Amino acid sequence: MKILVINSGSSSIKYQLFNMEDESVLAKGVVERIGIDDSFISYENGNGQEITIEKDISDHKEGIRLLIDTLLNEDYGVLNDMDDVEAVGHRVVHGAEEFSGSVLIDDKLVKTMEDVADLAPLHNPPNIMGIKVCQELMPDKPQVGVFDTAFHQTMPEKAYIYALPYEFYKKYGVRRYGFHGTSHGYVSKRAAELLDKPYSELKIITCHLGNGASVAAVKNGKSVDTSMGLTPLEGLVMGTRCGDIDPAIVPFMMNKLDISAEEMDTIMNKESGLYGVSGVSNDSRDVEDAAAEGNHQAEVALELFDYRVKKYIGAYTAAMGGVDAIVFTAGIGENSIDSRENILEGLEYLGLKVDKEANNCRSKEQIITTEDSRVKALVVPTNEELVIARDTMEIVSS
Ligand code: ADP
C-alpha cells in the first residue's frame, strides 16, 4: 500500500510518498514559493536521485498537479499510475476540541475544520486548501486528517484551563490545546521501545526543540501537559517566538510603541525568541557561532533557551510525580550536543547522569545517560510524516 503525505503551508507543500509494506520513503520533497516569483519543486526519489524543477506555480492546485506529474515522470518518477496510491494523509495544525484522533475527511469535516480555523489563522487555512485541492485532483482517493493538537486532548482540565473568566473557554474556546502532538506521541512511544519498558507505565518528558519548540509531559502513554497553548506562541523560547512572558507586557508595549494588536502579535511571533534576543538569527547554529565569538546577546539567547527547557523539565517532573525518561527531538534536540548538555546539567538530584561520550551524537536514536542513571535521557529523531502515513493506512484499512 502506498500513502502520500501532504503538509500544506501558505506558500509551500511538503510531501512524502511511503511504501507501507516496509515503511520506506519512495519520494519526498517540497513545492516551494507557491504564488511568488521563482517557484519550484524539489524532489528526491528512493534511489537517491535529486532534482529541482523551476516552474511558475501560481496556486496550490498547480503545485499538487506538478507533484503528481513528478511522481509519474518516466525518467525519475516512482509511480506508473496514481491508482497505485491508496490514500492521502494530511497534516492539520489545529483540531481544537473537535478532533482527538485522526479522521477520514468528508465535506462535513472540512466545514468543521473551517469553523475552528480562526484559532490557527496562519496554519489551518493553507492545510484546508491542500485537502480541498487533493479532493479535487484525486477524487477517488480517501483523504485523512492528522492533527497536531490531537495527542494532547487527554490533558486534564487543570492543565488546559487558563485562569481567565471561564466564559472565555466556554464561548471562545480559549484553552491550552498544545501542538507538535504527532511528534511528542511518536518519540515518547519510541523511547519506551528503546528502553524496553511498557509505554503505559512510564513518565516521559519529551522536548521537541526545533524552530518551533515545545515540551510535553507524557504519563502512562498519555499527554498530561504541554508548553504550547491556545496557539504555538506559549512556552519555550523558539527561533522567532517569545514563549512565556508576563502578559502585562503586551498592553504596556502596545502603548509605548503605539502599535496594533496585529503588530504586537507579529513581534512576538516573528521578531522575538533566539532572533529577537541575539539580534543575529533564528537559526541556533548562527547564534552558536556568534556566541563563540563573544557576542553577549547571542550567549544570553542560548542560555535563555536552555534554561527555559530545564524549568519545564522541573515543572513536569513535579506534575507527574517523577520522571523516567527525558527525550530530545527536532533540529536542536537531535543535533545540538551543547544544548542537551546544558539542559541536563544539574539534574543529578533527579537521578540523571549524562554520558558525555554517548551525548556526542547527532540525528540518531541513542541513550545519552550512563548505565547506572536512574532517569534516562535519549535522542529520538522525530518522524511526523511516518506517523501520518501509519494513521492514514490504519483508517483506510478499517
Ligand atoms: P522546524 O520547526 O522548522 O521543523 P527544525 O526541527 O528543522 O525546525 O529545527 C530547526 C533548528 O534546528 C534550527 O535552529 C537549526 O539551527 C537547528 N539545527 C538543525 N541542524 C542542526 C545541527 N546540525 N546542529 C545544531 N542545530 C541544528
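Cβ contacts < 8 Å: first residue closer than 15 Å to Ala217 by Cβ and open to solvent by 10 Å² or more (accessible area, probe 1.4 Å), restricted to the range 323-344; second residue among the charged types (D, E, K, R) and more than 8 Å from the ligand (Cβ to nearest atom), any location; separation 6+ or different chain. Result?
Matching pairs, first to second residue: Val323/Lys203; Asp324/Lys197; Asp324/Lys203; Asp324/Lys376.
List, please: which pairs have Cβ atoms under 9 Å, are six or more places apart or on different chains, and start with a residue in the range 53-66 that is within 10 Å of Ile41 (Cβ to Cβ) and end with one that is among the polar types (S, T, N, Q) and open to solvent by 20 Å² or more (accessible area, probe 1.4 Å)?
As it stands, the answer is Ile53/Ser42; Gly63/Ser12, since those pairs meet every condition given.
Please determine, by comparing only the residues of the range 372-387 that are of a type in the set (Asp, Glu) and touching a residue at least 24 places away in the same chain (Cβ under 8 Å), which one is nearest to the ligand (Cβ to nearest atom).
Of everything passing the filter in the range 372-387, Glu384 is nearest to the ligand (Cβ to nearest atom).
Away from the ligand (no atom under 12 Å from the Cβ), under 16 Å from Asp244 (Cα atoms) and open to solvent by 10 Å² or more (accessible area, probe 1.4 Å): is that true of Asp306 in this structure?
In short, yes.
Does Leu233 satisfy the criteria of being crowded, with 16+ Cβ neighbours inside 10 Å, within 16 Å of the ligand (Cβ to nearest atom), in contact (Cβ under 8 Å) with a residue 24 or more places away in the chain and not in a helix (DSSP H, G or I)?
So Leu233 fits the description; yes.
Would a scan of the range 159-170 turn up a residue that is among the charged types (D, E, K, R), at pLDDT 95 or above, open to solvent by 10 Å² or more (accessible area, probe 1.4 Å) and more than 24 Å from the chain's Cα centre (by Cα)?
Taking every residue of the range 159-170 in turn, at least one turns out to be among the charged types (D, E, K, R), at pLDDT 95 or above, open to solvent by 10 Å² or more (accessible area, probe 1.4 Å) and more than 24 Å from the chain's Cα centre (by Cα).
Out of Ala292, Ala248, report the one residue that is open to solvent by 50 Å² or more (accessible area, probe 1.4 Å) and under 30 Å from Ala117 (Cβ atoms).
The unique qualifying residue is Ala248.
Would you point out which residue out of Val174, Val144 is open to solvent by 10 Å² or more (accessible area, probe 1.4 Å), away from the ligand (no atom under 16 Å from the Cβ) and touching a Leu at 6+ places or on another chain (Cβ under 8 Å)?
Of the residues listed, the single one that is open to solvent by 10 Å² or more (accessible area, probe 1.4 Å), away from the ligand (no atom under 16 Å from the Cβ) and touching a Leu at 6+ places or on another chain (Cβ under 8 Å) is Val174.
The values are calculated or read from the model by the stated rules, or taken from the named source; none is laboratory data. It should be emphasised that the depicted structure is a prediction, and the values quoted were computed from it without experimental measurement. Methodologically, a virtual Cβ is constructed for each residue, glycine included, from the backbone with ideal geometry; neighbour enumeration extends over all protein chains shown. The protein model used for the area step is the full one, side chains on, heavy atoms only, and it has no ligands, DNA or RNA in it. Shrake-Rupley method; radii C 1.70, N 1.55, O 1.52, S 1.80 Å.
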